[in-house]
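The values are calculated or read from the model by the stated rules, or taken from the named source; none is laboratory data. All figures in this text were calculated on a predicted structure; none of them were measured in a lab. Please note: Cβ atoms are built from the backbone with ideal geometry, for glycine as well, and neighbour counts cover all protein chains shown.
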Amino acid sequence: MTTLEENLEKLERSIGAACRAANRARAEVELMAVTKTFPAETMIEAARLGLGLFGENRVQEYAAKALRAAEFWTKGVPLRSRVHLIGHLQSKKAAKAAEIFDGVDSLDSVRLAERLNHAAKSLAKRLPVLVEVKLSPEAAKTGVEPESEEAAQLLERMPEWTHLEMQGLMTIAPWGAAEEVTRGCFRRLRVLRDRWSQAHPRLNFDVLSMGMSGDFPLAIAEGATRIRVGTALFGKRARPAEPER
């Protein structure tokens, strides 16, 4: 058994335990394997183990990685999986992101929505998106402020962007925060989902993407339908590269 197989088995036991503690079915929680900074071979191995949803942080990094992964997919190996962008996306990279990703989970502005919609239209595709909500005071965190005019306009105008497929919300809890703070962050996203879904019945809010390797049990307890796990699956990452410009 490989290290990844062992890690996946251990992770599945932990997810199952968290679901039982929250009185939820395991099928209610989707696992996204976060492969940012790891090579294409890691993604390929994970896909062979049955993982079907991956998260990447950078457009340029995944563009290179996808070429390597495609070598296996075009050889008939049944590894085609969905890959979503979960990192901050600059508007100038919207066209490339719409081309290479199966979804963008970090939509945080009207301007970005307009550019993604235009790019998706030119590609004759509907692009699944999540609205990223900033619920942490950390300056490094991105996302739309929940009570801002930007958030109101983004949700109000979403139906007009016919090549975007709104699927729900995403957030990142504060790093190293106390359990009650982390849990409160996840609870707030769920409350916002309930409020916004009533105010915008034409929009789909099925996905609540929240919780990572260190805090996913709390996220599951608060209603997460998708958790994003990297370290618990693949181990410690190498030092991050410089931000894309």
message: Take the conditions at pLDDT below 95 and not in a strand (DSSP E or B) and apply them to Ala224. Does it pass?
response: no
message: For a quick check of your reading of the model, give me the residue pairs whose first member lies in the stretch 103-127 and is in contact (Cβ under 8 Å) with a residue 12 or more places away in the chain and of a type outside the set (Ser, Thr, Tyr), whose second is assigned to a helix (DSSP H, G or I) and surrounded by fewer than 19 Cβ atoms within 10 Å (Cβ to Cβ), with beta-carbon atoms closer than 6 Å and at least 6 apart or on different chains.
response: Val110/Gln153; Arg111/Ser91; Leu112/Ser91; Arg115/Ser91; Ala119/Ala95
field: Check on Ser106, under 15 Å from the mean Cα position of the chain (by Cα) and of a type in the set (S, T, N, Q)
entry: yes
task: Give Arg187, Arg183, Arg193 a once-over and let me know the one that is under 30 Å from Ala124 (Cα atoms) and either assigned to a helix (DSSP H, G or I) or free of Cβ contacts under 8 Å to residues at least 12 places away in the same chain (or both).
output: Arg193
task: Scan the stretch 30-46 for residues that are of a type in the set (Gly, Ala, Ser), assigned to a helix (DSSP H, G or I) and either in contact with a helix residue (DSSP H, G or I) (Cβ under 6 Å, 6 or more places away or on another chain) or farther than 19 Å from Ile15 by Cα (or both) and report the count.
output: 1
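Taking Arg226 as the residue in question, decide whether it is touching a Pro at 6+ places or on another chain (Cβ under 8 Å) and at negative phi.
Working: touching a Pro at 6+ places or on another chain (Cβ under 8 Å): no; at negative phi: yes.
In short, no.
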